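The structure appears below as structure tokens.
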Amino acid sequence: MEPLILTTNEKVEKPEYDLTAELKENIDYALVPIADDPDSWGVRILKGIYIETVIRYNTISFNKQPGQLAFNFNIIYSPNEELTIEDRDLQIHAGKILEAIIELGIQDGSVTLTDTDAK
């Protein structure tokens with residue numbers, strides 16, 4: 001799957017819940033271990049239309065264009081058996097969760113950003 005490109009000012013025409021709200025760990029989402037991969041963590045969605053869905057991020061990168069983040073993810077579990085990674089609202093919500101995780105990680109020092117082009 002090609003990485004998804006999330007532009008930070010992107011909006012959904014008719015969201016069923018507020019996709020622009022700031023998301024909080026252990027309120028809106030929770031980090032959960034992945035049973036078959038002890039080195040990976042999943043994200044369990046705790047609120048909204050994707051409640052109890054668990055996703056795992058794969059490749060994450062910042063694009064050369066300001067305000068863009070590229071990533072891809074898999075659905076590990078969802079109570080909605082018809083939900084796929086092609087669901088545009090899920091893609092946007094996954095991007096917003098990822099932004100929250102990165103922001104919190106930068107604040108608490110658990111995430112560091114490196115420039116892959118630095119020599």
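The values are calculated or read from the model by the stated rules, or taken from the named source; none is laboratory data. Predicted model only: the values in this text are computed from it and were never measured. No Cβ is skipped: glycine too gets one built from the backbone with ideal geometry, and neighbour counts run over all protein chains shown.
Considering the stretch 44-72, and only residues there that are among the aliphatic types (A, V, I, L, M) and assigned to a strand (DSSP E or B), the residue that is modelled with the lowest pLDDT turns out to be LEU69. Within the stretch 74-93, if we keep just the residues that are in contact (Cβ under 8 Å) with a residue 60 or more places away in the chain and surrounded by 14 or more Cβ atoms within 10 Å (Cβ to Cβ), the residue that is nearest to ASP36 (Cα to Cα) turns out to be ILE85. Restricting attention to the stretch 25-43, the residues being in a strand (DSSP E or B) and either out of contact with any helix residue (DSSP H, G or I) (no Cβ under 7 Å at 6 or more places or on another chain) or among the hydroxyl-bearing types (Ser, Thr, Tyr) (or both) number 12.
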